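Comments concern the structure below.
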């Protein structure tokens, strides 16, 4: 039986069909491919033959239609899956990512949306649980930092007049607590000690070192009033107590209102600014090694005679190394300029002028270091 005539019926054709039934493809004649199917029944055997070209000609359009149908069906299925995933997975995940981003920048009031599939609901619950724990930890941290800040505020000296010395201070830590230590210590006999130290770094660790320095200063002043000897004693104990690598600079000024003199010792700190009435601002140039570098270091001091009404300004590098948004540094020259412009103002107004100038210079830029400025005016007792 020939579905479509492709050769004259003959004994040879029958033999070819029978042989073709045993093989997938039989060539007969040689220029054509013959496809043969065999069906065995109770009454005999049927051989069906067809030319391969004819089969392919009929199969190609149908196959093409099926391929197109599969592609269209796949595209529609993909679109449906995309829409479903977008609604069920993508959007909820983006909302969760947004919530995590807000939590990451400190917004601990952000709450994850719990709607969605079971897995995303579980993830939202875990995020909200984490947020609550972080909020509790943050409240505890703020409470502890407030206590630390209160302690540091308690360690600060009170402004005012100390036996002929009028003082005013500007203190702005870069974080909740600062690593700058300053003090105004009355010594009796018309003498007063001005101290300013700057511990490397800032934050809690630096604040702890600053508190240790204050204790060492108070201990040293029980024995001596010499700025150099005070630094010697502090340096020896500093190396014993403070962990290696935490250095500090420090300036100590002994003010004698009766003799109208300044005795200065400097451990690598920013040089003090001195302005006598009617004269330009000067710097006390002598300086020695930082605290904590060499326990055997012997510090020196220098005494200078000044006039009544002389002003002394001590600053930390948070003042001179402050940067504006254009990366310009405040520098020491601007400190001298502010002192000269405000030379007729009282000492508190001088500090207020410094505060205004620094804020204007810094503009919107966040301070990167603790800022401390101690101003004093010497009057003959």
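The values are calculated or read from the model by the stated rules, or taken from the named source; none is laboratory data. This is a predicted model, so every value here is computed, not measured. Counting neighbours? That spans all protein chains shown, and the Cβs are built from the backbone with ideal geometry, glycine included.
Some points to look at:
- Residues of region 255-279 that are under 26 Å from residue 239 (Cα atoms) and in a strand (DSSP E or B): 263, 264, 265, 266, 267, 268.
- Residue tally, condition at pLDDT 80 or above and exposed (fewer than 14 other Cβ atoms within 10 Å of the Cβ), over region 112-129: 4
- Any hit, region 161-170, residues being part of a loop (DSSP other than H, G, I, E, B) and under 30 Å from residue 316 (Cβ atoms): yes
- Contacts under 6 angstrom Cβ, first residue in region 291-318 being without any contact (Cβ under 8 Å) to a residue 40 or more places away in the chain, partner surrounded by fewer than 17 Cβ atoms within 10 Å (Cβ to Cβ), 6 or more apart: 302/286
- Within region 280-364, helices (runs of 4 or more DSSP H) holding 2 or more residues that are out of contact with any helix residue (DSSP H, G or I) (no Cβ under 8 Å at 6 or more places or on another chain) and buried (at least 16 other Cβ atoms within 10 Å of the Cβ): 317-320, 347-362
- Among the residues of region 205-216, just one is surrounded by fewer than 19 Cβ atoms within 10 Å (Cβ to Cβ), out of contact with any helix residue (DSSP H, G or I) (no Cβ under 7 Å at 6 or more places or on another chain) and touching a residue at least 24 places away in the same chain (Cβ under 8 Å), namely 205.
- Search result, residues across region 261-279 that are over 18 Å from residue 347 (Cα atoms) and either surrounded by fewer than 20 Cβ atoms within 10 Å (Cβ to Cβ) or under 38 Å from the mean Cα position of the chain (by Cα) (or both): 261, 265, 266, 267, 268, 269, 270, 271
- Residues that are surrounded by fewer than 20 Cβ atoms within 10 Å (Cβ to Cβ) and either out of contact with any strand residue (DSSP E or B) (no Cβ under 6 Å at 6 or more places or on another chain) or more than 23 Å from residue 243 (Cα to Cα) (or both) do not occur anywhere in region 191-198.
- Residues satisfying the criterion are absent from region 174-183 (criterion: at pLDDT below 90, in a helix (DSSP H, G or I), in contact with a strand residue (DSSP E or B) (Cβ under 6 Å, 6 or more places away or on another chain) and surrounded by 18 or more Cβ atoms within 10 Å (Cβ to Cβ)).
- None of 252, 293, 260, 264 is more than 16 Å from residue 196 (Cβ to Cβ) and in contact with a strand residue (DSSP E or B) (Cβ under 8 Å, 6 or more places away or on another chain) except 260.
- Residue in region 225-241 that is part of a loop (DSSP other than H, G, I, E, B), within 26 Å of residue 189 (Cβ to Cβ) and over 32 Å from the mean Cα position of the chain (by Cα) present: yes
- Qualifying positions in region 51-77 - touching a residue at least 12 places away in the same chain (Cβ under 8 Å) and in a helix (DSSP H, G or I): 52, 53, 54, 55
- Check on residue 48, in contact with a strand residue (DSSP E or B) (Cβ under 8 Å, 6 or more places away or on another chain), surrounded by 10 or more Cβ atoms within 10 Å (Cβ to Cβ), at pLDDT below 75 and in a strand (DSSP E or B): no
- When 63, 134, 71 are checked against the criterion of being surrounded by fewer than 11 Cβ atoms within 10 Å (Cβ to Cβ), at pLDDT 75 or above and over 30 Å from residue 346 (Cβ atoms), a single residue qualifies: 71.
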